[in-house]
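All remarks here apply to the structure that follows.
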Amino acid sequence: MRNIDLAKYILLAGSLISPHVELSYIGMFFPREFVLLVCLALLSGVAFIEYSSKTVPFGITNADSFALLFYLFIVANTFLFHHPFKNLEGFLLATGLFCAYVVYRITFRQIADYAILLTIATSPLVIELLISGAQYFGAIPSSNPFFAVTGSFNNPGILAGYSAICLPVSLHLFLTYGEDSSRRRVYQLTGLNTLAAVLLLVLSGSRGAILAAVLSCSYILFIHFEPGKRIGKIRNAQWILAGVSIPVVLGIAVYLYLLRPESAAGRLFVWKNTLSMIKEQPLLGVGTGNFSAEYAMAQQQYFESNKPDAFELSVADSILVPFNEILNLLAEQGIAGIALLLLFSFFTLNNVQKGHHPKFAIECIYAAVASFFVLSLTGYPSKSIGIMVTMLLLTALSNSGVSATWPSFKASVQAALLTVTVSVCVLLWLGSGYFFQTLHYYNAGRAYAFMRQYKGANERYERCYTEMRHSSDFLLAYASSLYQSGDYTKSLQILEDYDQIAYSYESTLLKAKNYYAQKQFRQALVFLENAAHIIPSRFEPLYFQVQSHQELGQTDMAKQAAARILALPVKIASDQVQTIREHARRVYSDDNQKNSL
């Protein structure tokens, strides 16, 4: 193996592993996005060195053209088209992913060894297994307090989704090279990756990911059991496998639905509200990264016009994603955006067949795409950098080795590589302060807030306010810390900044609590009613409504709010909920003695 190829493989592995290595104690110093950009910059630099000594044509395909058009549409939909919110986080994520596609596409336009590339693509599975195993046995905490095992992600569903995408690829390589002594290392590594993927699926327990993995792995096994091939004394094992796998997959799908039918029903409710959003802005959508804000407004409007029934009370919540990538894309980018992405996908899959790809590589790409599609129907794989970087690598490989639609660039390819390298390095230079100093203050502020030392938290949040004022999570954390420290006026000012980029139940309730603390009860009641309509099953907005009406001497209104509290079903029992209900009973019984939480 040439040294230049070894460098490319090492940097590729670094770019694929970087989204998986951020633990709480490491992330303060080496954020995964920064490591990813470093690897991409070095990778494009290595490619520039490799191709500067020889003339290698680089042809732009139709798929590349539509990838560029889709990204330019995202830019326009963020900055040029009018939307009530301007969320730069979604735009920055799209920019980083497009940069990854360009680097992979240029660097691997000539592929020497698909087996090594695909083995590297699935190698982070072992890292995820080590992290998940440590979480399972209690050595390290998971990043989500509600789940014991999440790997390097913040949700077990994303961990399972990543495993379901990589499992058919590693399984296919393992079965393909089992009898090839010259590729023993590939066989061993992909066997380890396959085992890691299976164990991760078991630990995570995600229904959609298990179904995706079963479907894609059935396809891989169907390929390996060739027509007429005998397994032991069994002939035509391929068709027997097909006859068995179809009812098994259907049975698994039914069982997984019956396992948690309330979850599936809740997603149907989310999809219904999402469709109402799409009808409002069908052509251009609500803008990149604006789904959660627009959904909160849509849910508020729905419950202002419709009295929630018992089912809706049980499923209405703060929704960040619609649990369906097609609906999410339609909601954020509209018909225009999804048309461009469909054209890109069509030409990419067409290039898989037209390119000079080995048969096993084509089958691996198809299996991974099948898993991604199944996950997209009930999940949100596009929100994971780890999943998207892996899929973009497979996409770039699909478009390599294809005759160019546009004239090939020979003399200009070195300039293109240099431009990409310099651009990424400039981004690194501009973002270095953000990644290190800013995140240091942000994480320190969160640590102080966790310890309820809010003045210390406020000082550190203020130091990174300029750089992070476009982050909705940061603004909400800062405003909450200011409220806890008693600085209600500034908390409201920060929430005004938040309103420019997002809208949520949490921000609406926090705004109401700030007004309540300043004894501006009429303003508080406006936002309390809004919060109660966004998520009608929550007790806290109604509790503060009771308190505000009592402060204003509106006894009848206080009783009405108390009656709403007593009529609500208890989803999760807690001491706070019990205290609120006891206070509501006293108010409803004409006992106006005030109690505090």
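The values are calculated or read from the model by the stated rules, or taken from the named source; none is laboratory data. Nothing here was measured: the structure is a model prediction, and the numbers come from that model. When we count neighbours, we look across all protein chains shown, and the Cβ atoms used for this are built from the backbone with ideal geometry, even at glycine. The accessibility values were calculated without ligands, DNA or RNA, using every heavy atom of the protein model including side chains. Shrake-Rupley method; radii C 1.70, N 1.55, O 1.52, S 1.80 Å.
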Under 12 Å Cα-Cα from Lys490, which aspartates and glutamates qualify once same-chain neighbours fewer than 8 residues away are excluded? Glu462
Per 0.36 nm of contour for each residue apart, how much would the distance between Arg184 and Ser318 grow if the chain were fully extended, relative to their Cα-Cα spacing? 43.3 nm
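So between Arg581 and His224, what do we pick up on full extension, going 0.36 nm a residue minus the alpha carbon distance? List each step's numbers first, then the result.
Details: separation 357, 0.36 × 357 = 128.52 nm, distance 6.18 nm.
Roughly 122.3 nm would be gained on extension.
So, for the stretch 114-191, what is the accessible surface per residue at a probe of 1.4 Å, expressed in square angstrom? Mind dumping the intermediate values first?
Working: 3200 Å² over 78 residues.
Counting only protein heavy atoms, the per-residue value for the stretch 114-191 is 41 Å².
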Probe 1.4 Å, heavy atoms of protein chains only: per residue, the accessible area of the stretch 529-596 in Å² is 49
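Could you tell me the calculated FRET efficiency between Ala447 and Gln484, based on Cβ-Cβ distance and R0 = 25 angstrom, to the nearest 0.05? Mind dumping the intermediate values first?
Working: r = 15 Å, r/R0 = 0.58.
With a Förster radius of 25 Å, E is 0.95.
Would you mind working out the magnitude of the charge dipole of the stretch 529-596 relative to its Cα centre, with +1 at each Lys and Arg C-beta and -1 at each Asp and Glu C-beta, to the nearest 20 Debye?
Details: 8 positive and 8 negative charges, 40 e Å.
It comes to approximately 200 debye.
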Distance in nm between label sites at Ile140 and Leu268, each 7 Å beyond Cα in the beta-carbon direction? 4.1
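Give me the net charge for the shell around Ala164: Cβ to Cβ below 15 angstrom, other residues only, Lys and Arg +1, Asp and Glu -1. Walk me through the numbers before you get to the answer.
Values: positive: Arg207; negative: Glu128, Glu325.
It works out to a net charge of -1.
Ignoring ligands, DNA and RNA, what percent of the accessible area of the stretch 529-596 is carbon or sulfur (1.4 Å)? Show your work: numbers first, answer last.
On the way: 1540 of 3350 Å².
Heavy-atom surface of the stretch 529-596 belonging to carbon and sulfur, 1.4 Å probe: 46 percent.
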Net charge near Gln281 (other residues with Cβ under 12 Å of its Cβ; Lys, Arg +1; Asp, Glu -1) is -2
Simple spin-label estimate for Arg469 and Glu304 in nanometres, 7 Å along Cα-Cβ: 2.9
Taking a crude spin-label model, label points 7 Å out from Cα along the C-beta direction, the Phe79 to Val202 distance in nm is 5.1
Scoring only Lys, Arg, Asp and Glu (+1, +1, -1, -1) among other residues with Cβ under 11 Å from the Cβ of Glu506 yields +1
If you stretched the chain out fully between Ala148 and Glu89, how much longer would it get, using 0.36 nm times the residue separation minus the C-alpha to C-alpha distance? 18.4 nm
Subset of Lys8/Lys354; Lys272/Lys511; Lys279/Lys359; Lys279/Lys559 violating a 32 Å alpha-carbon distance limit: Lys279/Lys359; Lys279/Lys559
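In debye to the nearest 20, how big a dipole does the stretch 73-221 give about its Cα centre with +1 on each Lys and Arg Cβ and -1 on each Asp and Glu Cβ?
Working: 7 positive and 5 negative charges, 34 e Å.
Charge dipole of the stretch 73-221: 160 debye, to the nearest 20.
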